[in-house]
Structures are given as structure tokens and as C-alpha cells.
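This report concerns only the one structure given below.
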Amino acid sequence: MATLRTSRTPLLVLATAVAALAASATWPVQAAAPLPVVTPRAETTALHDDAAGGDADADDPAIWRNPADPDRSLVVATAKQGGLRVYDLDAREVQSVPAPAGPGADDAPGRFNNVDLVHSARLGDLAVTTDRGNDRLRVYRIDRDHPGGPLTDATDPKAAPVFSASQDEINEQRTAYGLATWTDPATGRSYALVSQRERTRLALLELKSRPDGTIGYTKVRTLDLPANFRLPNGTSWSPCGEPGELPQVEGMVVDPANGTLYAGQEDIGIWRLRADLTGTPRLVDKVREFGVPGSYDEATEECTPGTDPGFGGTHLTADVEGLTLVEEKGGDGLLLASSQGDDTFAAYDREVSDADEYEGGFRIGPASATLDGSEECDGAAALNQPLGRRYPHGLLVVQDGHDAPGDPDRPSTNFKFVDLRKVTAAVDD
């Protein structure tokens with residue numbers, strides 16, 4: 001999912017080829033108006049996914065607001081095999097939390113994929129992350145003034161794998177991947193919704209405090225999203241990919257006002273469903289590549305696209321990645337989605353009664369020669385609350401899959417901090 005994720009290569013080739021076919025078409029094509037560009041205010045230090053950089057790869061952020069002193073709020077972000085990074089509002093690192101090793105020398109190491117926060121009267125303030133390497137959730141308590149760093153490990157040491165039945169299955173890495181947390185206001189219980197890598201499965205886990213003060217979880221139920229779709233022309237379609245892989249979900253967010261889960265199935269589009277995983281999911285929007293047939297070449301590990309039947313959407317280019325909410329009073333606000341394939345973001349009306357109508361899009365472009373924008377964005381997090389003098393109108397944090405300028409021989413990723421008012425103004429325009 002980051003710049004070098006090999007499982008994304010077939011779809012990249014497919015998307016590029018489809019774009020080339022559209023560009024060479026002879027029929028009249030009305031050019032879309034260019035999307036507005038917003039610029040970041042700050043960026044974190046680059047992470048490098050190589051041995052010298054500790055195999056750290058920026059992926060997904062979450063924003064923790066310090067109610068006692070909003071200027072001292074934090075951004076908690078995943079760095080995959082590099083663990084977690086914690087930043088202040090100046091984008092300076094204040095803590096680095098390593099991912100745990102695998103249980104054996106030949107087992108997969110810890111790899112933190114996605115992160116979300118819990119604010120609960122029962123459990124306190126927590127940062128929860130999917131440990132894709134070990135197929136578990138890791139839980140950290142948040143205390144801004146704790147000696148040694150604001151995060152302290154509160155993971156139940158007896159926590160079971162989320163999807164795997166054995167260490168051999170864990171090593172196959174069809175493990176815990178995407179993540180969204182949710183606290184049910186009716187019961188006060190807190191949950192984590194977790195997706196499975198290379199599968200369409202979602203799991204609902206209830207987070208529970210153990211007698212020793214650690215946080216564990218129990219599985220409530222699972223739900224499988226579709227992997228195969230019936231098209232309007234009567235044919236059946238599945239997105240092209242490596243043999244054995246199903247179209248996975250990563251980006252997810254729950255609207256706390258109504259318990260609605262939005263889930264980004266990377267090669268398909270955005271689903272809306274109940275956060276308790278009951279009822280029938282509804283596809284809110286589709287990627288442009290939806291319905292395009294493709295054949296996989298094992299020699300090149302690439303997909304060759306067929307003719308586009310025209311059943312795709314117009315706002316998202318695969319992969320669909322980070323999903324986040326801009327909450328406003330009365331249920332107003334926006335659902336933001338990273339359209340990774342064309343380096344843009346799509347905004348939808350948050351109100352379900354408005355059928356999640358598309359409101360507009362934007363790009364995050366460079367602010368200067370040394371502060372670039374965001375490309376191939378994985379994760380995103382927005383918080384529409386005052387965050388002190390730096391971000392009095394809220395903050396959007398996005399992953400940048402190609403930090404520049406940088407060493408062209410080293411993979412470089414980081415996080416961009418954007419004034420949320422710039423984003424809402426761009427969408428409103």
C-alpha cells in the first residue's frame with residue numbers, strides 16, 4: 001500500500017492503461033475542471049523503508065486532542081515495521097514506539113498498519129493499532145505528561161490472533177490490516193472494526209479491560225464484502241490481481257453520530273454499512289476501474305486491461321485509501337477519501353439522508369521547494385476542533401507516499417499537516 005507495495009502493482013498498471021485508452025479516444029471528451037489545490041503547513045521528518053531507516057514506512061495517522069491544553073495535542077501515526085511515531089503539532093517527533101518481534105526467528109515481525117483512537121469513560125484515551133505482522137491489535141494508553149512518552153503499552157499479553165488459527169497462518173500474512181474504532185453511546189462499550197489483508201472480511205471486536213489493567217478484545221461477528229460483481233450488461237466481474245488475492249479493505253471510519261461505518265474496498269469503492277456489521281452494505285461510490293476486465297501475467301506480475309465497459313465511477317481512482325470524517329454540528333460535515341491512483345481527495349456529504357452526495361475534490365500540493373504535497377496517499381485523519389494557536393480551525397493529517405526532495409535511491413514517506421479550514425474552503429468553492 002505504500003510506494004513499494006508489490007500487491008498494488010497489477011492495479012497500477014491497469015489504471016495507467018485505462019487512462020491511456022481514455023486519452024487516445026477519438027470521441028469528444030469534455031475535460032474536467034482542475035481540482036483546487038491546498039498546501040500543507042508542516043511535515044514530519046522522512047521515514048525510510050530500508051535497513052538503514054529501520055524499515056520504517058509512514059502509513060496511517062490519528063489526531064489526539066489534549067482538552068486541557070489543545071496546543072499540546074498529538075498526532076499518532078503508524079510506520080509499519082518501524083512501529084508507531086508520535087508527533088506534536090509542529091510535526092516534531094516526541095516518541096517512537098517499536099513494533100514487537102515475531103515469536104520466533106523465522107516468524108513475521110511486528111508491522112503496524114493502521115491506527116485509531118478511543119475516548120471512553122470505561123477505558124480512557126487509547127491508541128489502537130493493527131499489528132499486521134502478528135495478526136493482533138496493540139493498545140497504548142495516552143497520557144501527554146507520562147514520563148518517557150505519552151504512549152504506554154496496555155496490550156493484553158494473552159490477546160489472540162484476529163483472523164489466524166496458527167503461527168503458520170500468521171506467517172502467510174492474511175492478517176489484521178485496516179482499522180476503525182467506535183464507542184456505542186447507548187452502551188458505552190468500545191469496539192474495533194478490523195479488515196483482513198487480501199480478503200474481503202471485516203471483524204467486529206469488543207475492547208475490554210482486563211483485571212491487570214491491560215486491554216484485550218473479543219470477537220463479536222464478522223462480515224464478508226463481495227469479491228465478485230454482476231455488471232449491468234449481465235457479465236460477472238472481479239478486479240484483476242495476483243492469484244488467490246481478493247479485493248481487500250483498508251481505509252475505514254465510523255460516524256459516531258449514527259454508528260455508520262464507511263469502508264474503502266481498494267479496487268472497488270466505498271461501502272456504507274452499520275458499524276455493528278448487521279444489515280446490508282451499500283456501495284456509495286465506485287472507482288473508475290470498476291468493471292474493467294483484466295488478465296494477470298505471472299511472468300511480469302502485471303495485469304493487462306480489456307475494454308472499459310463504462311460502469312465505473314468518476315471521482316475515485318484505485319486504490320481507495322484513507323477515509324476520515326470532518327464532523328460538524330447537526331450531522332453536517334464531510335467524508336474525505338484518498339483517491340490514491342490520481343493523487344487526489346474526494347469529499348462526500350456526511351449526512352446519510354443526502355445519500356453521501358459527492359461535494360467536490362482537492363489536491364494537496366507543494367507549499368515551497370522544500371515542503372511538498374501528498375502523492376499516493378495511504379492514510380488520512382481530520383479533526384474539526386480547535387487545536388490551539390497553530391490550528392484553531394482544525395487539522396487534516398495525510399500520508400505522503402513520495403516525500404520530496406529526497407534521496408531518489410531511498411523510499412521516503414512522511415506525513416503532511418494541513419489547516420483544515422483550507423480544505424473545507426476548497427470543497428465549498
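The values are calculated or read from the model by the stated rules, or taken from the named source; none is laboratory data. It should be emphasised that the depicted structure is a prediction, and the values quoted were computed from it without experimental measurement. Virtual Cβ from ideal backbone geometry, glycine too; neighbours counted across all protein chains shown. Surface areas here come from the heavy atoms of the whole protein model, side chains and all, with no ligands, DNA or RNA. Shrake-Rupley method; radii C 1.70, N 1.55, O 1.52, S 1.80 Å.
List of remarks:
- Number of residues in segment 367-382 that are open to solvent by 30 Å² or more (accessible area, probe 1.4 Å) and within 19 Å of Leu335 (Cα to Cα): the value is 1.
- Residue among Leu277, Leu273, Leu283, Leu246 that is in contact with a Ser or Thr (Cβ under 6 Å, 6 or more places away or on another chain) and closer than 26 Å to Ala380 by Cβ: Leu246
- Hits in segment 273-301 (condition: surrounded by fewer than 24 Cβ atoms within 10 Å (Cβ to Cβ), over 22 Å from Lys219 (Cβ atoms) and aliphatic (A, V, I, L, M)): Leu283, Val284, Ala299
- For segment 122-157, filtering for residues that are in a strand (DSSP E or B), within 19 Å of the chain's Cα centre (by Cα) and either acidic (Asp, Glu) or at positive phi (or both) leaves 1.
- Search result, residues across segment 236-252 that are modelled with pLDDT of 95 or more and surrounded by fewer than 17 Cβ atoms within 10 Å (Cβ to Cβ): Ser236, Ser238
- Residue in segment 155-168 that is among the polar types (S, T, N, Q), closer than 18 Å to Ala62 by Cα and surrounded by fewer than 21 Cβ atoms within 10 Å (Cβ to Cβ) present: no
- Residue match in segment 390-412 (condition: open to solvent by less than 20 Å² (accessible area, probe 1.4 Å) and in contact with a His (Cβ under 8 Å, 6 or more places away or on another chain)): yes
- Of residues in segment 50-71 being out of contact with any Ser or Thr (no Cβ under 7 Å at 6 or more places or on another chain), in a loop (DSSP other than H, G, I, E, B) and open to solvent by 30 Å² or more (accessible area, probe 1.4 Å), the one nearest to Gln399 (Cα to Cα): Asp55
- Residues of segment 194-222 satisfying the condition of being open to solvent by less than 60 Å² (accessible area, probe 1.4 Å) and over 18 Å from Ser164 (Cβ atoms): Glu206, Leu207, Gly213, Thr214, Ile215
- Pairs are defined by a Cβ separation below 8 Å, a sequence spacing of at least 6 or placement on different chains, a first member in segment 154-178 that is touching a residue at least 60 places away in the same chain (Cβ under 8 Å), and a second member that is among the hydroxyl-bearing types (Ser, Thr, Tyr) and surrounded by fewer than 20 Cβ atoms within 10 Å (Cβ to Cβ); the pairs so defined are Ala154/Thr214; Thr155/Thr214; Asp156/Thr214.
- Selection count, segment 343-354, where residues are open to solvent by 40 Å² or more (accessible area, probe 1.4 Å) and in contact (Cβ under 8 Å) with a residue 60 or more places away in the chain: 1
- Residues within segment 172-193 that are over 16 Å from Asp131 (Cα atoms), polar (S, T, N, Q) and in a loop (DSSP other than H, G, I, E, B), tallied: 1
- Matching residues, segment 253-272, being open to solvent by 10 Å² or more (accessible area, probe 1.4 Å) and within 19 Å of Asp349 (Cβ to Cβ): Val253, Val254, Pro256, Ala257, Asn258, Gly259, Thr260, Trp271, Arg272
- Qualifying residue in segment 84-97 (condition: open to solvent by less than 20 Å² (accessible area, probe 1.4 Å), touching a residue at least 24 places away in the same chain (Cβ under 8 Å), assigned to a loop (DSSP other than H, G, I, E, B) and farther than 19 Å from Leu193 by Cβ): yes
- When Leu336, Leu325 are screened for being touching a residue at least 24 places away in the same chain (Cβ under 8 Å) and crowded, with 24+ Cβ neighbours inside 10 Å, only Leu336 passes.
- Listed by first and then second residue, the pairs linking a residue in segment 272-285 that is part of a strand (DSSP E or B) to a residue that is of a type in the set (Phe, Trp, Tyr) and open to solvent by 50 Å² or more (accessible area, probe 1.4 Å), with Cβ atoms under 8 Å apart and 6 or more places separating them unless they lie on different chains, are Asp285/Tyr358.
- Test result for Asp135, free of Cβ contacts under 8 Å to residues at least 24 places away in the same chain and either open to solvent by less than 10 Å² (accessible area, probe 1.4 Å) or of a type in the set (D, E, K, R) (or both): no
- Any hit, segment 95-113, residues being within 14 Å of Leu179 (Cα to Cα) and of a type outside the set (Phe, Trp, Tyr): yes
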